[in-house]
Amino acid sequence: MELRVIDRLTMTVEEAGKLLGIGRSSAYGAIRRGELPSKI
């Protein structure tokens, strides 16, 4: 994935997973464990 300036303050779980090199399920798991922040 090409790193670029993001023009917004948030991203989807799918986008975060791609940026981190993990899958969607792993990203959701990281959110549940408090390892990735999520909006409330």
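Coordinate-derived values only; no laboratory data. Worth saying up front: this structure is predicted, and the values here are computed from it rather than measured. Cβ atoms come from the backbone with ideal geometry, glycine included; neighbour counts cover every protein chain shown.
Label Thr10 and Ser25 with points 7 Å out from Cα along Cα→Cβ: what is the distance between them in nm?
2.6 nm
Which ³J(HN,Hα) values, rounded to whole Hz and listed in residue order, are derived for the stretch 19-33 from phi using the Karplus coefficients 6.51, -1.76 and 1.60 in 6.51 cos²θ - 1.76 cosθ + 1.60 with θ = phi - 60°, glycine and proline given as x?
Rounded to whole hertz, the list is 4, 8, x, 10, x, 4, 5, 5, 5, 4, x, 5, 5, 4, 7.
Among Leu9, Leu36, what is the fewest-to-most ranking by other Cβ atoms within 10 Å? Walk me through the numbers on the way to the answer.
Details: Leu9 6, Leu36 17.
Ranked by crowding around the Cβ, least crowded first: Leu9, Leu36.
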